[in-house]
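See structure below.
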Amino acid sequence: VIQSSGGLSKDEIENMVRNAEVHAEEDKKKKELIEILNQADSIIHDTETKMEEFKDQLPKEECDKLKEKIADVKNVIANKDSKTPDEIRQQTSDLQQASLKLFEMAYKKMAADRESSGRSNSGSSESQETTEKKEDKN
């Protein structure tokens, strides 16, 4: 029979298992907080990127409001030790909802601009065709 001479005793193993069980809830809360903070960072990054991308289609006042919400979320992240995960989640959700609403406006404006430029282009090509037909008849 081979026995390990440097292994852990049964008591040491049981103690480690108990410690792991005791800290499991604490670890779960830390994991949740980290995931929420990562999500908040991601939403901030996405929002700032899209604001830059669509700055010509977005009303300045709405952009300023969104920048305030971004600052609020950054402030909550900076003070994460004094905030609950639910508070961070709520601020992040508020930012996400505001950004979705604003970018929806930008997409609608872009679609309307494309539609109106499409009409003006088709209108000018129709008038060119009419002019060409008249010239052919002469």
Excluding Ser42 itself, calculate the net charge of residues whose Cβ lies under 14 Å from the Cβ of Ser42, where each Lys or Arg counts +1 and each Asp or Glu counts -1.
-1
About its Cα centre, how strong a charge dipole does the range 13-126 have in debye, to the nearest 20, once Lys and Arg get +1 and Asp and Glu get -1 at the Cβ?
220
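Taken together, the values in this text are just the output of simple stated rules run on the coordinates, not laboratory data. Just so it is clear, the structure is predicted and the values come from calculations on it, not from any experiment. Backbone-built Cβ (ideal geometry, glycine too); neighbour counts: all protein chains shown.
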